[in-house]
1. If you go through the stretch 168-183 one residue at a time, how many are among the aromatic types (Phe, Trp, Tyr) and part of a loop (DSSP other than H, G, I, E, B)?
2. Name the single residue, out of those in the stretch 39-68 being among the β-branched types (Val, Ile, Thr) and either under 19 Å from the mean Cα position of the chain (by Cα) or open to solvent by 100 Å² or more (accessible area, probe 1.4 Å) (or both), that is modelled with the lowest pLDDT.
3. What are the residues in the stretch 91-103 that are in a helix (DSSP H, G or I) and either open to solvent by 50 Å² or more (accessible area, probe 1.4 Å) or in contact with a Pro (Cβ under 7 Å, 6 or more places away or on another chain) (or both), if any?
4. Looking at the structure I just gave you, is ASN170 under 24 Å from the mean Cα position of the chain (by Cα), over 30 Å from ALA35 (Cα atoms) and open to solvent by 60 Å² or more (accessible area, probe 1.4 Å)?
5. Tell me, please, whether a residue that is surrounded by 14 or more Cβ atoms within 10 Å (Cβ to Cβ), at positive phi and not charged (D, E, K, R) can be found in the stretch 121-143.
6. Among residues belonging to the stretch 107-153 that are of a type in the set (Ser, Thr, Tyr) and outside any helix (DSSP H, G or I), point out the one that is farthest from ILE173 (Cα to Cα).
7. Would you check which residues across the stretch 60-71 are in contact (Cβ under 8 Å) with a residue 12 or more places away in the chain and either within 14 Å of VAL36 (Cβ to Cβ) or not hydrophobic (A, V, I, L, M, F, W, C) (or both) and list them?
8. Would it be correct to say that SER24 is free of Cβ contacts under 8 Å to residues at least 24 places away in the same chain and either touching a Cys at 6+ places or on another chain (Cβ under 9 Å) or among the hydroxyl-bearing types (Ser, Thr, Tyr) (or both)?
Amino acid sequence: MAKSFDIEKSLESLVDKLSGWLNSLIVNLPNIILAVLVFILFIFTAKWIGKFVNRLLIRKVKQDSIREITIKVLKAIIILTGFFVALGLLNLNKLLTSILAGAGVIGLAVGLALQGPLNNSFSGVILSFLPELQIGDWVETNGYAGTVVEINLRSIKVRQSDNNFVVIPNSKIVNDAFKTYSR
């Protein structure tokens, strides 16, 4: 014989489930608040350390691009550490393990899918450490000539003599020859 649907039992089960969730939220509310505060503290710490490291590197490192890349990587590491500490405070160790395992698999897939942009990024790091190419230099590369205005992870921005800007991917500069007239 088929069972009949009992709406009262279903509603009672739903209310019990929602009540359990509410009780769980109330019990874990201090951990949630603490996790959010710790994450915010790590964000402010990253900003403060970024400013401090910037002041140190201004004296030691002549290239702005190296300084900027170093500070961005340092801030990202600090904020990611804060994220993982906050997850640890929420007792989400299984989730944390799953995130790290998934990040490895996703990192491999993204690395294969984004070979071009990653090539530009690594070329940007290489160019940042080349003393022959600095912001303010007059360069000629890939059929363009002008003053280097910006060197970032993806590209180099060159202002030509007619005040037009040209954005050249870093991989093109690393793979092709360039002339620096300022050095």
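The values are calculated or read from the model by the stated rules, or taken from the named source; none is laboratory data. Keep in mind that this is a model prediction, so the values were computed, not measured. Neighbour counts are summed over all protein chains in view; Cβ atoms, including those assigned to glycine, are modelled from backbone coordinates with ideal geometry. SASA here: full protein model, heavy atoms, side chains in, ligands and nucleic acids out. Shrake-Rupley method; radii C 1.70, N 1.55, O 1.52, S 1.80 Å.
1. 1
2. Of everything passing the filter in the stretch 39-68, ILE66 is modelled with the lowest pLDDT.
3. ASN93, LYS94, LEU95, THR97, SER98, ILE99, LEU100, ALA101, ALA103
4. It is false that ASN170 is under 24 Å from the mean Cα position of the chain (by Cα), over 30 Å from ALA35 (Cα atoms) and open to solvent by 60 Å² or more (accessible area, probe 1.4 Å).
5. yes
6. Taking the candidates together, the pick is THR147.
7. LYS62, GLN63, ASP64, SER65, ARG67, GLU68, THR70
8. Yes, satisfied.
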